[in-house]
Amino acid sequence: MKNIYFLITIFFVSVSTNSFAQEVDKSNAIKKQGTYMGLSKPLKDLPQIHDENSVVYYNDEAKVRKNRVRPEYIDSTALPLKYDPLIKSQNFSTKGPAEKPRGEVNLLENFDGMNGSFPPDPSGAVSDEYYVQAVNTAYRVYNIDGTPVTGVIQLNNLWPGSSNSGDPIVMYDRHADRFVVTQFQTGSNEILLAVSLSDDPTGAYHLYSFSFNRFPDYPKYSVWSDGYYMTSNTQGKGVVAFERDKMLVGDPTASMINLDLPDFAREYGFNSVLPADADGDLPPYGTPISMFLFQDDSWSGSVTEDHIKVLKMTTDWNIPNNSSIVIDQEIITVPFNSTFTNSWDDIEQQASNQKLDAIASVFNYRAQYLKWPTYNTVLLCNVVDIDDENTAGIRWYELRQDNDGDDWGIHQQGTYSIDDGNSRFLGSIAMDYNGHIGMGYSVSGTTEYPGLAATGRFSNDNLGEFTFTETWAQKGLSAQSGGNRFGDYSHMSLSPNGQEFWYTGEYIGAFGARKTRIFSFNLQSQVSVENESLTNDPTLVLIQNEDQIIVEGNFLPNSSEMYIDLFDISGKLIERQTKSTVDGKIKTSFDKTTLSNGIYLVRIGKESFMRVEKIVISK
């Protein structure tokens with residue numbers, strides 16, 4: 001039966017989905033108030049180090065490595081039997097798929113970030129003006145041209161009395177124009193969050209601490225309409241919603257709702273799942289958040305087919321016991337092999353016997369969510385063994401959902417690798433507002449030291465294929481020694497205008513130095529290379545008078561059905577209009593006389609295209 005299934009799924013992009021709901025006991029929900037630590041000093045008044053060579057990066061994150069249990073390869077009959085079937089369909093091409101070869105991605109900015117400890121756990125997010133990077137155990141603010149705005153600031157200087165424990169993550173909440181910086185505390189089982197007072201990340205931050213009964217290891221975060229969500233590799237109470245609305249204004253009563261993961265056939269103990277992280281428009285307030293993990297039929301337990309498991313969490317801040325998590329779907333995928341070694345000695349390096357941890361068996365951060373006019377998307381990726389010999393490639397998925405709350409289905413899936421004997425791993429993937437997909441990742445192998453590269457695809461390319469030539473952002477300069485810990489995190493973020501991809505990850509510099517790199521690229525800017533008629537970027541302009549919000553779109557794609565939507569800041573759709581473009585233009589208006597004062601968003605779009613602009617109503 002496995003062989004029959006394999007033959008069927010190879011030729012179809014949409015594969016079977018089992019939909020069901022298995023709720024956890026709602027009485028397990030715990031609502032607990034955090035500790036408001038006050039408003040921090042502006043970053044300019046915190047201790048800063050401008051000579052990074054003098055920074056000592058130390059964290060105690062390595063103490064919790066015992067929580068990360070690697071699955072063992074149990075079932076020798078599990079599919080695929082050797083080669084990843086999606087790699088074979090691409091013929092291991094070193095020049096990209098033959099159907100539509102392209103040149104390299106044009107990198108816009110490409111500069112060194114901070115160094116970090118062992119491993120650096122790089123994370124970063126971008127606003128209109130700034131890029132904020134965090135590593136173990138510091139963070140720094142840059143202008144978007146790469147020039148530093150601040151020096152290196154130790155994390156423990158942001159939260160008074162804290163320690164440099166590690167696993168920091170930076171988010172930019174584009175809906176509220178705020179930066180969020182996080183880290184955990186190993187000794188006290190705490191999560192620390194800092195929410196910027198304004199859109200200026202060099203200013204002050206509202207500081208919060210939330211305590212847990214067990215240590216919240218390897219946390220992953222997301223922005224959603226009714227909370228900041230976090231998952232962690234924790235036995236019990238490992239899924240959390242933080243009270244976003246209150247944290248944005250520094251309310252000292254901000255709480256969290258904490259839930260257990262549902263029971264599922266996953267016996268090796270790595271409980272890391274990815275929550276959907278909303279770029280673009282927020283879903284309507286109260287929409288359950290989807291969370292994602294995958295399971296391999298080679299693992300121990302009752303997994304019979306490789307699949308993506310979808311969890312959905314509903315949060316009720318007024319009646320916490322109504323909050324729950326359900327196992328909502330199992331989406332069968334084309335077979336993959338996610339199992340490397342049991343020792344984390346997975347990825348080869350040039351001229352070294354020291355191997356690197358591939359960060360296998362989990363989806364890599366982030367699960368990027370986009371709300372389009374007629375569907376929603378989520379982008380996912382994870383490392384896979386493409387040849388049963390520990391050569392790593394990156395399996396990636398675009399999931400689509402017709403309406404909020406509907407089932408997810410696979411729109412496309414692929415495995416990215418190049419036939420040069422080297423491994424691609426630690427990917428992070430996202431989609432822009434044109435439907436183009438960008439991915440950054442690490443490269444290491446017998447002919448490469450650990451470095452960083454990127455690829456991309458246009459929205460109308462053949463499904464399941466990255467069509468841009470591998471583009472190096474930074475070649476590795478030497479091999480890592482002293483242990484297999486590498487990266488642990490990488491992070492692809494999307495600029496607020498939905499056009500630029502920003503990635504940060506680790507590479508190895510000269511003499512084994514642990515380094516990070518930050519780079520950006522814009523795939524839409526390269527469309528005109530192939531289509532000379534698309535020389536102007538589509539624009540959306542909002543003007544208001546006493547009674548109306550006037551909407552003007554220019555250089556738009558030709559369409560007989562373009563949607564123009566008005567939302568409030570919580571994601572609620574107030575009005576939808578449908579119009580056709582004429583010579584690339586649309587002009588319409590919304591009545592603002594019935595609108596309350598506040599922030600609103602106007603979106604114009606169709607399939608694989610949208611532009612979103614904010615407008616402030618003040619009467």
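Here are some residues: Thr578, Thr535. Which one is at pLDDT 95 or above and of a type outside the set (D, E, K, R)?
On the way: Thr535 fails: at pLDDT 95 or above.
Going through Thr578, Thr535 in turn, the sole match is Thr578.
Please find, within segment 355-378, the residue that is farthest from Glu72 (Cα to Cα) out of those that are in a loop (DSSP other than H, G, I, E, B) and among the small types (Gly, Ala, Ser).
Looking at residues that are in a loop (DSSP other than H, G, I, E, B) and among the small types (Gly, Ala, Ser), I get Ala358.
For residues in segment 48-86 being more than 21 Å from Asp357 (Cα to Cα) and of a type in the set (Val, Ile, Thr), which is modelled with the lowest pLDDT?
Selected residue: Val56.
Could you please give the count of residues in segment 427-478 that are surrounded by fewer than 22 Cβ atoms within 10 Å (Cβ to Cβ) and free of Cβ contacts under 8 Å to residues at least 40 places away in the same chain?
Adding up the residues that qualify gives 4.
Can you name the residue in segment 596-605 that is surrounded by fewer than 19 Cβ atoms within 10 Å (Cβ to Cβ) and under 19 Å from Ile543 (Cβ atoms) and is also nearest to the chain's Cα centre (by Cα) among such residues?
Checked segment 596-605; the qualifying residue nearest to the chain's Cα centre (by Cα) is Ile599.
Which numbered condition in (1) assigned to a loop (DSSP other than H, G, I, E, B); (2) touching a Pro at 6+ places or on another chain (Cβ under 7 Å) is the only one that Ser442 fails?
The number of the failed condition is (1).
Restricting the search to segment 574-590, which residues are surrounded by 15 or more Cβ atoms within 10 Å (Cβ to Cβ) and without any contact (Cβ under 8 Å) to a residue 24 or more places away in the chain?
Gln577, Lys579, listed by residue number.
Could you check segment 379-410 and list, in sequence order, the residues that are part of a loop (DSSP other than H, G, I, E, B) and touching an Asp or Glu at 6+ places or on another chain (Cβ under 8 Å)?
Scanning segment 379-410 gives Ile386, Asp387, Asn390, Thr391, Asp407.
Could you say whether any residue in segment 396-404 is among the hydrophobic types (A, V, I, L, M, F, W, C) and closer than 30 Å to Leu566 by Cβ?
Yes, segment 396-404 has at least one match.
Considering only residues that are part of a strand (DSSP E or B) and of a type in the set (Ser, Thr, Tyr), which ones fall in segment 545-565? Talk me through it step by step, then tell me what you get.
Let us first name the residues in segment 545-565 that are part of a strand (DSSP E or B), namely 548-554, 562-565.
Within segment 545-565, just Tyr563 meets the criteria.
Considering only segment 460-513, give the strands (runs of 3 or more DSSP E) lying wholly within it that have at least 3 residues that are within 17 Å of Val443 (Cβ to Cβ).
Of the strands (runs of 3 or more DSSP E) lying wholly inside segment 460-513, those with at least 3 residues that are within 17 Å of Val443 (Cβ to Cβ) span 471-474, 501-508.
Exactly one of these conditions fails for Thr593: (1) assigned to a loop (DSSP other than H, G, I, E, B); (2) buried (at least 18 other Cβ atoms within 10 Å of the Cβ). Give me its number.
For Thr593, the failing item is (2).
So Tyr365 fits all but one of (1) under 19 Å from Leu426 (Cβ atoms); (2) surrounded by fewer than 20 Cβ atoms within 10 Å (Cβ to Cβ); what number is the exception?
Unmet for Tyr365, out of (1) under 19 Å from Leu426 (Cβ atoms); (2) surrounded by fewer than 20 Cβ atoms within 10 Å (Cβ to Cβ): (2).
Results for (1) without any contact (Cβ under 8 Å) to a residue 40 or more places away in the chain; (2) of a type in the set (Val, Ile, Thr), shown as yes or no for each residue.
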| site | (1), (2) |
| --- | --- |
| Phe118 | no, no |
| Val126 | no, yes |
| Thr137 | no, yes |
| Arg140 | yes, no |
| Asn143 | yes, no |
| Thr150 | no, yes |
| Gln154 | no, no |
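Confirm whether Phe521 is in the same structural domain as Ser490 (by TED's automatic domain parsing), surrounded by fewer than 16 Cβ atoms within 10 Å (Cβ to Cβ) and aromatic (Phe, Trp, Tyr).
no
Taking into account only those residues within segment 411-425 that are out of contact with any helix residue (DSSP H, G or I) (no Cβ under 8 Å at 6 or more places or on another chain) and part of a strand (DSSP E or B), which is farthest from Glu398 (Cα to Cα)?
Asn422
Could you count how many residues in segment 269-293 are among the aromatic types (Phe, Trp, Tyr) and touching an Asp or Glu at 6+ places or on another chain (Cβ under 7 Å)?
Of the residues in that region, 1 qualify.
Of everything in segment 158-189, what is assigned to a loop (DSSP other than H, G, I, E, B) and within 17 Å of the chain's Cα centre (by Cα)? Give them in sequence order.
Arg174, His175, listed by residue number.
If you go through segment 14-47, how many residues are surrounded by fewer than 15 Cβ atoms within 10 Å (Cβ to Cβ) and modelled with pLDDT under 55?
Here the count works out to 7.
Is it true that Ala254 is within 20 Å of Leu379 (Cα to Cα) and surrounded by 22 or more Cβ atoms within 10 Å (Cβ to Cβ)?
Answer is no for this residue.
Per-residue answers, yes or no, for (1) modelled with pLDDT of 95 or more; (2) over 22 Å from Gln413 (Cβ atoms):
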residue: Met247; (1), (2): yes, yes
residue: Ser255; (1), (2): yes, yes
residue: Gly269; (1), (2): no, yes
residue: Phe292; (1), (2): yes, no
residue: Ile308; (1), (2): yes, no
residue: Asp316; (1), (2): yes, yes
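Just wondering, is there one or more residues in segment 346-354 that are surrounded by 19 or more Cβ atoms within 10 Å (Cβ to Cβ), assigned by TED's automatic domain parsing to the domain that holds Ser232, charged (D, E, K, R) and outside any loop (DSSP other than H, G, I, E, B)?
Yes, segment 346-354 contains a residue that is surrounded by 19 or more Cβ atoms within 10 Å (Cβ to Cβ), assigned by TED's automatic domain parsing to the domain that holds Ser232, charged (D, E, K, R) and outside any loop (DSSP other than H, G, I, E, B).
Considering only segment 310-323, state which residues are part of a strand (DSSP E or B) and surrounded by fewer than 21 Cβ atoms within 10 Å (Cβ to Cβ).
Lys312, Thr314, listed by residue number.
What do you reckon, is Gly571 outside any strand (DSSP E or B) and surrounded by 19 or more Cβ atoms within 10 Å (Cβ to Cβ)?
Spelling it out, Gly571 is indeed outside any strand (DSSP E or B) and surrounded by 19 or more Cβ atoms within 10 Å (Cβ to Cβ).
Can you find, within segment 201-225, the residue that is surrounded by the fewest Cβ atoms within 10 Å (Cβ to Cβ) among those that are farther than 26 Å from Leu380 by Cα and without any contact (Cβ under 8 Å) to a residue 60 or more places away in the chain?
The extreme case among them is Asn213.
The values are calculated or read from the model by the stated rules, or taken from the named source; none is laboratory data. Please read these numbers as outputs of a predicted model, since none were measured by experiment. Positions of Cβ are generated from backbone atoms using ideal geometry, with glycine treated the same way; all protein chains shown enter the neighbour counts.
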